[in-house]
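This report concerns only the one structure given below.
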Amino acid sequence: LSSQKKFDEIKKANQAAAKKLVEDQFSSSSEDDDEDAEVKQGEILAKTFIIYTSQTDGDASELERTRQYMNEAFQSGAMTCLICIASVKRNQAVWSCCGCFCIFHLVCIQKWAKDSLFLVSSLTDDDFGKKDYPWPCPKCRFEYKRSETPSRYYCYCGKVENPTLDPWLVPHSCGQICEREFKPSCGHKCLLLCHPGPCPPCPKMVTITCHCKKAKPVPRRCSAKEWSCRLPCGRTLLCGQHTCEDSCHAGHCQPCPQVSKQRCICGRQTAERLCASPQWQCDQVCGKPLPCGNHTCEQVCHAGPCGDCPRSGKRSCPCEKSKFTLPCTEDVPTCGDSCDKVLECGIHKCSQRCHRGPCEICRQEVEKQCRCGKHTKRMPCHKPYLCETKCTKIRDCQKHQCRRKCCSGNCPPCDQVCGRTLGCRNHKCPSGCHRGSCNPCPETVDVKCNCGKTVIKVPCGRERTIKSPKCKQLCSRPPTCHHSTQEKHYCHFGRCPPCRQSCQKTLMCGHLCPVPCHDEALVKQTGLHQSAGPWEQPSEPAFIQTALPCPPCEVPVPVECLGQHEVS
């Protein structure tokens, strides 16, 4: 009895769902609901923009980008978390990136930041968890510090924690004035109510002069306050001889384009050069006599005095153990002691006597250990020792072995392609083999209405679950009944709603049929299935579309009685 009762309850629920689906398909009440929702959305947007538009005399042309973000916040399924590829609902805690303004679930971005920090920290075992590595936004890769990992749910402007759900406000908004600083900063703050997306340009009016300060100050919009009077700049250039001939411009003047004759640093040669680069060197050696009187200066074209003779004073022998005071005309002799300079190996010293020129390579035989530390061999000190043993350590992807010969243990990152199927189920991960979950699919897909004129872009993988966009174009399908045109209704998927126009077919009596069109009436079919017995559950009635005949004419006409005595 309990199972039969449960079966009856499920059956009734399925029947109710099927009935509701049929009613929704053949009714136009959904269009009225959509219109009401759009009117409500328009009122909320106007309320959000009213302070801004009051400063711009009603001009809302600069609000298009912000309006797009707000429309996505209202549209069902348009806001998608790129981490879990699921819709962002009104009652869910979210976080917004300050670089690309993309919205994510709070729990998703917390897990993303934690996984990113763990992955970067685990690349090297020595500094794991010690350094303050940044973590990136999944979409724009804007980097945040570890301390900037979101832990609480705030509204868009950051004033209110856990903003309450208000049907007359933008989702996840607190309803207060934004008051975020404009970028680039101008000293004013945003005048919109708390909103998603970037703040619009500053609408304030300021009185400001041009770049060159020659024109009179004029009132201009703060977001476009930089302007040029188009007159010649006239500022003195760095050369000190000419003035800037460019039209009024921002920033520093360009280098002087004039050409003049200028001497090199030593003053021996003269050449025509740009005024912007007066300092230049010729390729001649100085050649002036040094104070010793025996040598000349070997520097190339230089300024200032040549200095003392580099061979004067006390000079060291090649091994730098002995010093000699000799005339600059004599070379320093070798001292005869051992060289004792440290060789390139960094362990042994040169055993030759004091000598000129570089020391030889280290030829001492030592017991060397290979890089991986598994083998030893006696060989010359200057030769490296690498064994043939391949590293079996798992790389950072935790899937593949290193396989390098004689690896030191600090294995490089895995160089294979990940290739796992992404969450969209359409593409594979193009990144290098990695640990943890893959990045979201970067592709976007167009979702179109039935006529193809209204298109929205959604993340790849969401096209199968998102609702088709609402199209304001009228349905262009031909009528399926006898009328030449069908009732006006918006573009849609599935069958058109039943025609509600008057039939207007000519009856046998000559009058027109006044009832609604009945060319495609739903008629219940009975007697198609014979039950096998009383134990069999009755099947659901089947409906077919068929054309019904016109009902009898109900127009009253004068009729005489059989004896022609009265007319009724």
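The values are calculated or read from the model by the stated rules, or taken from the named source; none is laboratory data. Just so it is clear, the structure is predicted and the values come from calculations on it, not from any experiment. Virtual Cβ from ideal backbone geometry, glycine too; neighbours counted across all protein chains shown. Side chains are part of the model used for accessible areas, which takes the heavy atoms of the whole protein and leaves out ligands, DNA and RNA. Shrake-Rupley method; radii C 1.70, N 1.55, O 1.52, S 1.80 Å.
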The residue that is nearest to the chain's Cα centre (by Cα), considering only those in the stretch 273-285 that are modelled with pLDDT of 85 or more and surrounded by 12 or more Cβ atoms within 10 Å (Cβ to Cβ), is Q281
Filtering the stretch 511-533 down to residues that are touching a strand residue (DSSP E or B) at 6+ places or on another chain (Cβ under 9 Å) and of a type in the set (A, V, I, L, M), which residue is modelled with the lowest pLDDT? L528
Within the stretch 316-415, which strands (runs of 3 or more DSSP E) (wholly inside it) include 2 or more residues that are touching a Phe, Trp or Tyr at 6+ places or on another chain (Cβ under 7 Å) and more than 30 Å from D115 (Cβ to Cβ)? 376-380
From the list E181, E143, which one is surrounded by fewer than 15 Cβ atoms within 10 Å (Cβ to Cβ), under 26 Å from C81 (Cα atoms) and touching a strand residue (DSSP E or B) at 6+ places or on another chain (Cβ under 9 Å)? E143
Any idea which residue in the stretch 322-344 is farthest from K383 (Cα to Cα), counting only those that are at pLDDT 85 or above and of a type in the set (D, E, K, R)? K323
Assess whether R378 counts as being exposed (fewer than 12 other Cβ atoms within 10 Å of the Cβ), touching a strand residue (DSSP E or B) at 6+ places or on another chain (Cβ under 6 Å) and farther than 30 Å from T465 by Cβ. yes
Residue satisfying condition, being surrounded by 13 or more Cβ atoms within 10 Å (Cβ to Cβ) and in contact with a Phe, Trp or Tyr (Cβ under 8 Å, 6 or more places away or on another chain), within set C256, C264, C212: C264
Which number in (1) in contact with a helix residue (DSSP H, G or I) (Cβ under 6 Å, 6 or more places away or on another chain); (2) part of a loop (DSSP other than H, G, I, E, B) marks the one condition that S228 misses? (1)
Those residues of the stretch 266-292 that are farther than 30 Å from C328 by Cα and charged (D, E, K, R) come to a total of 2
Output for the stretch 400-415, where each listed residue is more than 29 Å from K368 (Cβ to Cβ) and open to solvent by less than 50 Å² (accessible area, probe 1.4 Å): C414
Check whether at least one residue in the stretch 161-178 is out of contact with any Asp or Glu (no Cβ under 6 Å at 6 or more places or on another chain), farther than 22 Å from P459 by Cβ, surrounded by fewer than 14 Cβ atoms within 10 Å (Cβ to Cβ) and among the hydrophobic types (A, V, I, L, M, F, W, C), and report yes or no. yes
Only one residue in C429, C418, C397 is within 32 Å of the chain's Cα centre (by Cα), open to solvent by less than 90 Å² (accessible area, probe 1.4 Å) and either modelled with pLDDT under 85 or under 30 Å from C496 (Cα atoms) (or both), so which one is that? C397
Taking the stretch 152-203 and the residues there that are part of a loop (DSSP other than H, G, I, E, B) and among the acidic types (D, E), the one that is nearest to L45 (Cα to Cα) would be D166
Output for Cβ contacts, cut-off 7 Å, separation at least six or different chains, first residue at positive phi in the stretch 217-240, second small (G, A, S), reads R230/S247
What is the residue count in the stretch 433-448 for residues that are open to solvent by 40 Å² or more (accessible area, probe 1.4 Å) and touching a residue at least 24 places away in the same chain (Cβ under 8 Å)? 4
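Before we move on, is K204 open to solvent by 50 Å² or more (accessible area, probe 1.4 Å) and either aromatic (F, W, Y) or touching an Asp or Glu at 6+ places or on another chain (Cβ under 6 Å) (or both)?
It is false that K204 is open to solvent by 50 Å² or more (accessible area, probe 1.4 Å) and either aromatic (F, W, Y) or touching an Asp or Glu at 6+ places or on another chain (Cβ under 6 Å) (or both).
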Every residue from the stretch 540-568 that is under 30 Å from A13 (Cβ atoms) and of a type outside the set (S, T, N, Q): E540, P541, A542, F543, I544
Neighbours by Cβ (under 9 Å, 6+ apart or cross-chain): first from the stretch 533-554, in a strand (DSSP E or B); second open to solvent by less than 80 Å² (accessible area, probe 1.4 Å) and at pLDDT below 75: A542/Q525; F543/V22; F543/Q525; I544/Q525
Top-ranked residue of the stretch 446-485 - restricted to ones that are among the basic types (K, R) and part of a loop (DSSP other than H, G, I, E, B), ranked as nearest to T80 (Cα to Cα): R462
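Would you check if there is a residue in the stretch 255-272 being in a loop (DSSP other than H, G, I, E, B), at positive phi and at pLDDT 85 or above?
The answer is no, given that none of the residues of the stretch 255-272 is in a loop (DSSP other than H, G, I, E, B), at positive phi and at pLDDT 85 or above.
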Give me a count of the residues in the stretch 215-225 that are farther than 17 Å from E181 by Cα and either open to solvent by less than 40 Å² (accessible area, probe 1.4 Å) or in contact with a helix residue (DSSP H, G or I) (Cβ under 8 Å, 6 or more places away or on another chain) (or both). 1
If you check I177 against the conditions, is it at pLDDT 85 or above, over 25 Å from the mean Cα position of the chain (by Cα), among the hydrophobic types (A, V, I, L, M, F, W, C) and under 30 Å from N71 (Cβ atoms)? yes
Residues of the stretch 286-325 being open to solvent by 50 Å² or more (accessible area, probe 1.4 Å), among the hydrophobic types (A, V, I, L, M, F, W, C) and over 30 Å from P255 (Cα atoms), in sequence order, are F324
Please state which of the following conditions C513 fails to meet, knowing it meets all the rest: (1) at negative phi; (2) open to solvent by 70 Å² or more (accessible area, probe 1.4 Å). (2)
